[in-house]
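Asks: Here you go, one structure.
The values are calculated or read from the model by the stated rules, or taken from the named source; none is laboratory data. A quick note: this is a predicted structure, and the numbers were derived from the prediction, not measured. Counting neighbours? That spans all protein chains shown, and the Cβs are built from the backbone with ideal geometry, glycine included.
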(Lines give C-alpha, C1' and ligand atoms only; values in the text may rest on other atoms or scores of the structure.)
Protein backbone atom coordinates (compact mmCIF):
# COMPACT_ATOMS: atom_id res chain seq x y z
CA UNK A 1 0.00 0.00 0.00
CA UNK A 2 2.79 2.34 0.96
CA UNK A 3 4.68 1.58 -2.28
CA UNK A 4 1.55 2.24 -4.31
CA UNK A 5 1.06 5.56 -2.54
CA UNK A 6 4.68 6.56 -3.21
CA UNK A 7 4.26 5.64 -6.88
CA UNK A 8 1.16 7.84 -7.13
CA UNK A 9 2.99 10.75 -5.52
CA UNK A 10 5.94 10.33 -7.91
CA UNK A 11 3.63 10.34 -10.93
CA UNK A 12 1.77 13.37 -9.59
CA UNK A 13 4.99 15.32 -9.00
CA UNK A 14 6.25 14.36 -12.45
CA UNK A 15 3.01 15.55 -14.02
CA UNK A 16 3.34 18.87 -12.20
CA UNK A 17 6.81 19.26 -13.63
CA UNK A 18 5.46 18.60 -17.14
CA UNK A 19 2.71 21.20 -16.70
CA UNK A 20 5.22 23.75 -15.43
CA UNK A 21 7.50 23.04 -18.37
CA UNK A 22 4.60 23.57 -20.79
CA UNK A 23 3.63 26.80 -19.08
CA UNK A 24 7.21 28.01 -19.24
CA UNK A 25 7.37 27.31 -22.97
CA UNK A 26 7.51 30.52 -24.99
CA UNK A 27 4.33 31.29 -26.94
CA UNK A 28 4.44 30.81 -30.70
CA UNK A 29 3.54 34.08 -32.41
CA UNK A 30 2.62 34.42 -36.06
CA UNK A 31 1.53 37.30 -38.23
CA UNK A 32 -0.43 37.95 -41.38
CA UNK A 33 -2.16 40.84 -43.15
CA UNK A 34 -5.93 40.54 -43.20
CA UNK A 35 -6.32 43.61 -45.44
CA UNK A 36 -4.00 42.13 -48.05
CA UNK A 37 -5.80 38.79 -47.96
CA UNK A 38 -9.12 40.53 -48.45
CA UNK A 39 -7.77 42.71 -51.27
CA UNK A 40 -6.83 39.71 -53.43
CA UNK A 41 -9.89 37.63 -52.68
CA UNK A 42 -12.31 37.20 -55.61
CA UNK A 43 -15.12 38.45 -53.37
CA UNK A 44 -13.39 41.82 -53.00
CA UNK A 45 -13.75 42.55 -56.71
CA UNK A 46 -17.43 41.58 -56.62
CA UNK A 47 -18.01 43.91 -53.67
CA UNK A 48 -16.14 46.76 -55.34
CA UNK A 49 -18.15 46.32 -58.57
CA UNK A 50 -21.48 46.28 -56.73
CA UNK A 51 -20.65 49.35 -54.67
CA UNK A 52 -19.38 51.22 -57.73
CA UNK A 53 -22.57 50.37 -59.65
CA UNK A 54 -24.85 51.56 -56.85
CA UNK A 55 -22.77 54.72 -56.39
CA UNK A 56 -23.21 55.60 -60.06
CA UNK A 57 -27.00 55.22 -59.80
CA UNK A 58 -27.12 57.48 -56.73
CA UNK A 59 -24.76 59.98 -58.35
CA UNK A 60 -27.00 60.30 -61.41
CA UNK A 61 -30.06 60.83 -59.25
CA UNK A 62 -28.29 63.56 -57.29
CA UNK A 63 -26.93 65.23 -60.41
CA UNK A 64 -30.46 65.37 -61.83
CA UNK A 65 -31.72 67.07 -58.67
CA UNK A 66 -28.74 69.39 -58.65
CA UNK A 67 -29.43 70.45 -62.23
CA UNK A 68 -33.04 71.14 -61.33
CA UNK A 69 -31.89 73.33 -58.46
CA UNK A 70 -29.41 75.23 -60.65
CA UNK A 71 -32.02 75.90 -63.34
CA UNK A 72 -34.54 77.27 -60.86
CA UNK A 73 -31.89 79.33 -59.11
CA UNK A 74 -30.74 80.87 -62.41
CA UNK A 75 -34.33 81.69 -63.35
CA UNK A 76 -34.82 83.31 -59.98
CA UNK A 77 -31.67 85.41 -60.32
CA UNK A 78 -32.74 86.65 -63.75
CA UNK A 79 -36.26 87.65 -62.77
CA UNK A 80 -36.16 88.45 -59.05
CA UNK A 81 -36.02 92.25 -59.57
CA UNK A 82 -39.27 92.25 -61.53
CA UNK A 83 -41.16 89.88 -59.23
CA UNK A 84 -43.88 90.89 -56.84
CA UNK A 85 -42.75 90.61 -53.22
CA UNK A 86 -45.03 87.65 -52.44
CA UNK A 87 -43.89 85.71 -55.53
CA UNK A 88 -40.25 86.45 -54.79
CA UNK A 89 -40.57 85.12 -51.25
CA UNK A 90 -42.38 82.02 -52.51
CA UNK A 91 -39.57 81.33 -55.00
CA UNK A 92 -36.93 81.81 -52.29
CA UNK A 93 -38.71 79.34 -50.00
CA UNK A 94 -38.92 76.84 -52.85
CA UNK A 95 -35.18 77.17 -53.53
CA UNK A 96 -34.30 76.76 -49.87
CA UNK A 97 -36.43 73.63 -49.68
CA UNK A 98 -34.77 72.23 -52.80
CA UNK A 99 -31.34 72.91 -51.36
CA UNK A 100 -32.28 71.23 -48.07
CA UNK A 101 -33.61 68.21 -49.97
CA UNK A 102 -30.34 67.97 -51.89
CA UNK A 103 -28.35 67.96 -48.67
CA UNK A 104 -30.58 65.24 -47.22
CA UNK A 105 -30.28 63.15 -50.39
CA UNK A 106 -26.50 63.55 -50.27
CA UNK A 107 -26.32 62.40 -46.66
CA UNK A 108 -28.73 59.54 -47.32
CA UNK A 109 -26.68 58.36 -50.32
CA UNK A 110 -23.44 58.38 -48.32
CA UNK A 111 -25.09 56.45 -45.46
CA UNK A 112 -26.55 53.91 -47.88
CA UNK A 113 -23.17 53.30 -49.53
CA UNK A 114 -21.42 52.92 -46.17
CA UNK A 115 -24.04 50.51 -44.83
CA UNK A 116 -24.05 48.48 -48.03
CA UNK A 117 -20.24 48.28 -48.01
CA UNK A 118 -20.21 47.08 -44.40
CA UNK A 119 -22.96 44.55 -45.17
CA UNK A 120 -21.07 43.08 -48.14
CA UNK A 121 -17.66 43.03 -46.44
CA UNK A 122 -18.81 41.39 -43.19
CA UNK A 123 -19.25 37.79 -44.47
CA UNK A 124 -15.89 37.75 -46.26
CA UNK A 125 -14.19 39.33 -43.27
CA UNK A 126 -15.66 36.63 -41.01
CA UNK A 127 -14.52 33.92 -43.43
CA UNK A 128 -10.96 35.27 -43.42
CA UNK A 129 -10.96 35.54 -39.63
CA UNK A 130 -12.07 31.92 -39.32
CA UNK A 131 -9.33 30.79 -41.72
CA UNK A 132 -6.72 32.64 -39.64
CA UNK A 133 -7.98 30.96 -36.45
CA UNK A 134 -7.96 27.53 -38.11
CA UNK A 135 -4.42 27.98 -39.44
CA UNK A 136 -3.23 29.17 -36.03
CA UNK A 137 -4.77 26.16 -34.29
CA UNK A 138 -3.44 23.68 -36.85
CA UNK A 139 0.10 25.05 -36.65
CA UNK A 140 0.34 25.66 -32.91
CA UNK A 141 0.39 29.46 -32.90
CA UNK A 142 -0.56 30.99 -29.56
CA UNK A 143 -1.07 34.47 -30.98
CA UNK A 144 -1.49 35.87 -34.50
CA UNK A 145 -0.81 39.55 -35.12
CA UNK A 146 -2.39 41.51 -37.95
CA UNK A 147 0.94 42.51 -39.43
CA UNK A 148 0.13 45.66 -41.37
CA UNK A 149 3.39 46.97 -42.90
CA UNK A 150 2.88 50.26 -41.07
CA UNK A 151 2.62 48.46 -37.72
CA UNK A 152 4.78 45.35 -37.94
CA UNK A 153 8.35 46.64 -37.95
CA UNK A 154 10.01 43.24 -38.19
CA UNK A 155 9.01 39.59 -38.39
CA UNK A 156 10.78 36.43 -39.46
CA UNK A 157 9.28 34.86 -42.58
CA UNK A 158 8.73 31.54 -40.81
CA UNK A 159 6.14 33.29 -38.62
CA UNK A 160 4.25 34.70 -41.62
CA UNK A 161 1.10 32.59 -41.99
CA UNK A 162 -0.35 34.54 -44.94
CA UNK A 163 0.31 31.81 -47.51
CA UNK A 164 -1.25 29.21 -45.21
CA UNK A 165 -4.36 31.34 -44.78
CA UNK A 166 -4.63 31.92 -48.54
CA UNK A 167 -4.35 28.17 -49.09
CA UNK A 168 -7.04 27.55 -46.49
CA UNK A 169 -9.30 30.02 -48.32
CA UNK A 170 -8.51 28.56 -51.72
CA UNK A 171 -7.02 31.84 -52.97
CA UNK A 172 -3.99 31.87 -55.27
CA UNK A 173 -1.83 34.92 -54.57
CA UNK A 174 -0.93 37.07 -57.58
CA UNK A 175 2.57 36.91 -59.01
CA UNK A 176 5.06 39.47 -57.65
CA UNK A 177 4.57 42.79 -59.41
CA UNK A 178 0.98 42.04 -60.42
CA UNK A 179 -1.89 44.36 -59.56
CA UNK A 180 -3.32 44.46 -56.03
CA UNK A 181 -0.23 42.92 -54.45
CA UNK A 182 0.53 45.83 -52.15
CA UNK A 183 0.04 44.42 -48.70
CA UNK A 184 -2.22 46.46 -46.50
CA UNK A 185 -4.16 48.07 -49.37
CA UNK A 186 -7.73 46.79 -49.41
CA UNK A 187 -9.43 46.50 -52.79
CA UNK A 188 -12.57 48.13 -51.49
CA UNK A 189 -11.81 51.52 -49.99
CA UNK A 190 -14.33 53.50 -47.94
CA UNK A 191 -16.98 54.94 -50.23
CA UNK A 192 -16.20 58.48 -51.30
CA UNK A 193 -18.89 61.17 -51.09
CA UNK A 194 -21.35 60.87 -53.97
CA UNK A 195 -21.13 64.61 -54.55
CA UNK A 196 -18.95 67.02 -52.66
CA UNK A 197 -21.46 69.87 -52.64
CA UNK A 198 -25.04 69.56 -53.94
CA UNK A 199 -25.42 73.30 -54.36
CA UNK A 200 -21.99 73.82 -55.86
CA UNK A 201 -22.95 76.77 -58.07
CA UNK A 202 -24.66 79.19 -55.71
CA UNK A 203 -26.59 78.71 -52.50
CA UNK A 204 -30.28 79.47 -52.37
CA UNK A 205 -31.01 83.12 -51.51
CA UNK A 206 -31.31 83.81 -47.82
CA UNK A 207 -34.60 84.92 -46.47
CA UNK A 208 -34.69 88.69 -46.15
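Asks: Quick check, is residue 80 closer than 30 Å to residue 171 by Cα and in contact with a helix residue (DSSP H, G or I) (Cβ under 9 Å, 6 or more places away or on another chain)?
Replies: In short, no.
Asks: Being assigned to a helix (DSSP H, G or I) and in contact with a helix residue (DSSP H, G or I) (Cβ under 7 Å, 6 or more places away or on another chain) is the filter; apply it to segment 37-54 and report the residue that is farthest from residue 118 (Cα to Cα).
Replies: 37
Asks: Just the residues that are farther than 22 Å from residue 174 by Cα, over 23 Å from the mean Cα position of the chain (by Cα) and free of Cβ contacts under 8 Å to residues at least 40 places away in the same chain, please, taken from segment 135-163.
Replies: 137, 138, 153, 154
Asks: Would it be correct to say that residue 105 is within 30 Å of residue 44 (Cα to Cα), more than 17 Å from the chain's Cα centre (by Cα), surrounded by 15 or more Cβ atoms within 10 Å (Cβ to Cβ) and at pLDDT below 90?
Replies: Answer is no for this residue.
Asks: What number of residues within segment 128-145 are surrounded by fewer than 15 Cβ atoms within 10 Å (Cβ to Cβ) and under 24 Å from residue 44 (Cβ atoms)?
Replies: So the answer is 4.
Asks: Then there is this: Residue 97 - would you say it is assigned to a helix (DSSP H, G or I), touching a residue at least 24 places away in the same chain (Cβ under 8 Å), exposed (fewer than 14 other Cβ atoms within 10 Å of the Cβ) and over 29 Å from the mean Cα position of the chain (by Cα)?
Replies: When the stated conditions are applied, residue 97 does not pass them.
Asks: Please find, among 144, 135, the residue that is within 14 Å of residue 34 (Cα to Cα), outside any helix (DSSP H, G or I), at pLDDT 90 or above and touching a helix residue (DSSP H, G or I) at 6+ places or on another chain (Cβ under 8 Å).
Replies: After ruling out the rest, the residue left standing is 144.
Asks: I'd like to know if segment 48-56 contains one or more residues that are closer than 24 Å to residue 163 by Cα and surrounded by 14 or more Cβ atoms within 10 Å (Cβ to Cβ).
Replies: The answer is yes; a qualifying residue exists.
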